[in-house]
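Step one of this worksheet: look at the structure below.
The values are calculated or read from the model by the stated rules, or taken from the named source; none is laboratory data. Here the structure is a predicted model, which means the values were calculated and not measured. Neighbour counts are summed over all protein chains in view; Cβ atoms, including those assigned to glycine, are modelled from backbone coordinates with ideal geometry. Areas reflect the complete protein model, heavy atoms only, side chains present, ligands, DNA and RNA absent. Shrake-Rupley method; radii C 1.70, N 1.55, O 1.52, S 1.80 Å.
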Amino acid sequence: MTYEQRLSDALAAIKREGRYRVFADLKRRRGSFPNADVFSGVECKPITVWCSNDYLGMGQHPKVVAAMHEAIDMVGAGSGGTRNISGTTHYHVELEAEIADLHGKEAALLFTSAFVANEATLSTLVQLLPGCLVFSDEKNHASMIAGIRNGRGPKHIFLHNDLGDLEAKLKAAPIGVPKIIAFESVYSMDGHIAPIASVCALAKKYNALTYLDEVHAVGLYGPRGGGVAEREGVMDQVDIINGTLAKGYGVMGGYIAASRTLVDAIRSYAPGFIFTTSLAPVIVAGALASVRHLKESNVERETHQERARMLKRRLTAADLPVIAGPSHIVPVLVSDPVRCKAITDVLLDRYGIYVQPINYPTVPRGTERLRLTPSPQHTDSDMSGLVNALTELWSQCPLALMESLNQAAE
């Protein structure tokens, strides 16, 4: 048995399950999001993107683009190293101040992604707080799971958004032991929203820190884009907020916001921060412009929510299996990996609609789905095209879908 053979066997297993991932070769068109071009061999054709996490289209916003042009003209491309060596620039300092202000915290710390921020912060906290118990929602993101696992401390998984189960587990823990409750505000695959105030009340009762992942909420909720905690007026009750600059803000990067002492401890101890080259100034400048704009403007948030509500109504009216939820996430349940992949292939090839299939391990087996992300820029006409295409395809079996795909290719 060769190494290559073992790796080939592992890939073959994924392909047999129907969950092998194929990336679309896209080129976005500046100023015309959600329109893009997809490349397939020598062919290039226009498509409409329905699965971008650039929820508000801020990656195309004139202020963001202009700020990035200005930064690269002034300081060049790269950051020059880690933050500890030469990678701290005035852009980084300004953005951290804006993020701390956004969340009403004393300090913030930038990372190259929210995944890294979650992994580095959670693992480091567990190591800095001897005997620390982590209480983690069963639907937490892989980055939070990785951080908790890498901290090598004891953990308890509580049922999703289940306050009774969480309290039972907190009550059973020793009184004097450090505790962290880790959960998300918006769960990105189902669109559920956590009962943040109630979780914080339990944390206060049992002397636990709260760690809230607002990745799919920052920029999108609250009067200034501070997330669901801001919308509900409970930011001051949350100890640590994790967020991203790559979704609602449309650029790249992640962060935490918390007390000055906690941020300084992560800055000083977390390998995921210490040994990583910092974000390029041009990226930080774009994110800074996006954060500042969305602190002042509600137009994008209001239009985004209206578009999400409209799409849910239209899909429901077409009798398509939309998973109900209170957030902007629009999941359409397929429940089969092969059929899910076939639907997305036909959508792209025949209709010029780009949606990626969501399969295991992102979601549990048997809950495969399309995850639609309407933006303020999606028009009524875009929605009509999507709903009509899904209606035509929904009753077809995987074999018929693949025959449709082959006919389209011909």
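Brief remarks on what is shown
- Here Ala114 passes the criteria (1) surrounded by 16 or more Cβ atoms within 10 Å (Cβ to Cβ); (2) over 30 Å from Asn359 (Cα atoms) except the one numbered (2).
- Positions within segment 130-148 being open to solvent by 30 Å² or more (accessible area, probe 1.4 Å) and either part of a strand (DSSP E or B) or in contact with a Ser or Thr (Cβ under 8 Å, 6 or more places away or on another chain) (or both), in sequence order: His141, Ile145
- Per-region count, segment 67-100, residues touching a residue at least 60 places away in the same chain (Cβ under 8 Å) and assigned to a helix (DSSP H, G or I): 14
- Scan of segment 249-278 for residues that are crowded, with 24+ Cβ neighbours inside 10 Å, within 28 Å of Val64 (Cα to Cα) and in contact with a helix residue (DSSP H, G or I) (Cβ under 7 Å, 6 or more places away or on another chain), ordered by number: Tyr249, Gly250, Val251, Gly253, Gly254, Tyr255, Ile256, Ala257, Phe273, Ser278
- Residues (of a type in the set (Ser, Thr, Tyr) and more than 16 Å from Trp50 (Cβ to Cβ)) located in segment 321-349: Ser327, Ser335
- Screening Thr244 against (1) over 28 Å from Arg30 (Cα atoms); (2) open to solvent by less than 10 Å² (accessible area, probe 1.4 Å); (3) out of contact with any Leu (no Cβ under 7 Å at 6 or more places or on another chain); (4) touching a residue at least 60 places away in the same chain (Cβ under 8 Å) leaves a single unmet condition, (1).
- Checklist (1) surrounded by 11 or more Cβ atoms within 10 Å (Cβ to Cβ); (2) of a type outside the set (A, V, I, L, M); (3) out of contact with any strand residue (DSSP E or B) (no Cβ under 6 Å at 6 or more places or on another chain) applied to Phe39, failing item: (3)
- Residue count for segment 23-34, restricted to those that are in contact (Cβ under 8 Å) with a residue 40 or more places away in the chain and either assigned to a strand (DSSP E or B) or β-branched (Val, Ile, Thr) (or both): 1
- Qualifying residue in segment 288-302 (condition: closer than 23 Å to Ile193 by Cα, out of contact with any Gly (no Cβ under 9 Å at 6 or more places or on another chain) and hydrophobic (A, V, I, L, M, F, W, C)): yes
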